[in-house]
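Read the structure below first, then the notes.
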């Protein structure tokens, strides 16, 4: 498969599919120049963090928290171990961008993590890679071996007295481990059950030591910021939304895939890059930031730009940048049923509102979809969702509640039709044609 | 546990290659944190044995010098560990929403039809076990199938499903 870059790419620029991920090509593309710059020009940790703050880089995993600020929470002059951890446990339905970074440009993540390690005084890091993408774990291990052999990780990097060791850890099928404290538990060899916060990882993280966890794409953005300056990165996007962002576009478009574009790009422009709507059908709804983000009707979405603030203003979240596109052939009840099943299946079981509530949500949406809904189910669903959100240790409870509340809010008549007529508003054969096996765009 | 599995086939010892692979994992973690290698250890034992029998889980725990229950908790929490016997080929089809919109669900129906089994079932000849997958993080490749945890198959049309199932003897 060819590389997924666009003319505006910086993270995925200049790649040639599976052929150029190795260190030799990475260095030809200017790789490891940022780490060299940091160590050889004598940049201080404070200067690096200031540069990252200027870039207005916000966490690419979903929360959108300012990265520079997060890094500044790490204790200075802490004499013991500190850790930097990369979250490549990409399993939020709709999200598949970190996969392409790891597949086509793994050294970018290694370089970003090494710079982060230097900026925060960490001498050890881990990259937690989603178990389902096994070949990427193996590739990352190979990339680490290359980087170690070239002296970019290990002891006394570039002879400048900086020690940084980096290792890969694989997940093995648990969505919850994308939650940062569940991920830490998982590295510690336990069930991935989120920790109560505070204390936050910056004070009590991996093995009880100060730890910063960032998303793969966040670390991947760091070398460019160091090479070109925080202001230049900021200027690629829009105020408070610095840089480019890799969007994972799935669903009813002609060319599903990853697209790296500047934050602030209008949604219709992104849709056009994806070849427009499949079969020329009409846009019905979009989940703009992964399955946990509230769904938005197509007409609202067409007025949005793809950045944290615009999507938040429209009532959803940019999240991980996973854009799930649904056309007029989609049954919203069936779609919600599948998502609700997912959260029920993936709840770690620790908090009662989530463990029990996600089951309630799924069973109720399931019975509506299967013609057994009752007139008061919609209000009960909303009520159950409200009683999960905000009442759990981690955000999985919220993530299960948001789709339910937003699907009913925006598509209530469709749910009511289901309850009343005991069948879909959209004829089943139309649904099946709209969501048939679609591989025409693929380089099979 | 499945009654048809005899006591004899359930006895388990980590072989040399598995022990060496676990040693490499243990070395990634700080002194005294060998427990961090339990996820990899269980994966390695599963690869050796075909599934994670209680004996295999215990062998990993013993090798890492951790309580057997700690390893059991991990083995039963993460869904790619098979704590019950599976067929020679475990086929996982993602049917989550993003995949379903591009045919994930219809691909799963086709596999069910071809194998004559439903999700969480194994063909009578022990060749295939079919599972419904949750997000694999490859939604752009829908329909997506993972074989035996490590082999990802993308854009699975009916023709490609035919070819895959023919290939897996």
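The values are calculated or read from the model by the stated rules, or taken from the named source; none is laboratory data. Just so we're clear, the structure is a prediction, and the values are computed from it rather than from any experiment. Backbone-built Cβ (ideal geometry, glycine too); neighbour counts: all protein chains shown.
Miscellaneous remarks
- When the stretch A:177-202 is filtered for residues that are surrounded by fewer than 24 Cβ atoms within 10 Å (Cβ to Cβ), touching a residue at least 12 places away in the same chain (Cβ under 8 Å), within 13 Å of residue A:348 (Cα to Cα) and within 14 Å of another protein chain (Cβ to nearest Cβ), the ones remaining, listed by number, are A:191, A:193, A:194.
- Being under 19 Å from residue A:215 (Cα atoms), surrounded by fewer than 20 Cβ atoms within 10 Å (Cβ to Cβ) and in contact (Cβ under 8 Å) with a residue 40 or more places away in the chain is a description that applies to residue A:53.
For (1) at pLDDT below 95; (2) within 22 Å of residue A:343 (Cα to Cα); (3) assigned to a helix (DSSP H, G or I), each residue gets a yes or a no:
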position: B:98; (1), (2), (3): no, yes, yes
position: B:102; (1), (2), (3): no, yes, no
position: B:108; (1), (2), (3): no, yes, yes
position: B:112; (1), (2), (3): no, no, yes
position: B:129; (1), (2), (3): no, no, no
position: B:155; (1), (2), (3): no, no, no
position: B:159; (1), (2), (3): no, no, yes
position: B:163; (1), (2), (3): no, no, yes
position: B:166; (1), (2), (3): no, no, yes
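- Every test in (1) surrounded by fewer than 20 Cβ atoms within 10 Å (Cβ to Cβ); (2) under 30 Å from residue A:37 (Cα atoms) is passed by residue A:299 save one, and that test is (2).
- Residue check for residue A:358: crowded, with 19+ Cβ neighbours inside 10 Å and assigned to a helix (DSSP H, G or I): yes
- Counting only helices (runs of 4 or more DSSP H) that sit wholly inside the stretch A:219-323, those with at least 2 residues that are more than 13 Å from chain B (Cβ to nearest Cβ) and under 30 Å from residue A:84 (Cβ atoms) are A:230-236, A:308-313.
- Of the residues making up the stretch A:145-162, just one is within 14 Å of another protein chain (Cβ to nearest Cβ) and in contact (Cβ under 8 Å) with a residue 12 or more places away in the chain, namely A:153.
- Those residues of the stretch A:338-365 which are within 14 Å of chain B (Cβ to nearest Cβ), more than 22 Å from the chain's Cα centre (by Cα) and more than 13 Å from residue A:396 (Cβ to Cβ), in sequence order: A:362, A:365
- Number of residues in the stretch A:368-384 that are within 15 Å of residue A:417 (Cα to Cα) and crowded, with 16+ Cβ neighbours inside 10 Å equals 5.
- Considering only residues in the stretch B:1-23 that are within 18 Å of residue B:71 (Cα to Cα) and assigned to a helix (DSSP H, G or I), the one that is modelled with the lowest pLDDT turns out to be B:10.
- Evaluation of residue A:87 against (1) more than 27 Å from residue A:346 (Cα to Cα); (2) outside any helix (DSSP H, G or I); (3) touching a strand residue (DSSP E or B) at 6+ places or on another chain (Cβ under 7 Å); (4) within 14 Å of another protein chain (Cβ to nearest Cβ) (one fails), failing number: (1)
- Selection from the stretch A:410-444 of residues that are surrounded by 17 or more Cβ atoms within 10 Å (Cβ to Cβ), more than 14 Å from every other protein chain (Cβ to nearest Cβ) and at pLDDT below 95: A:424
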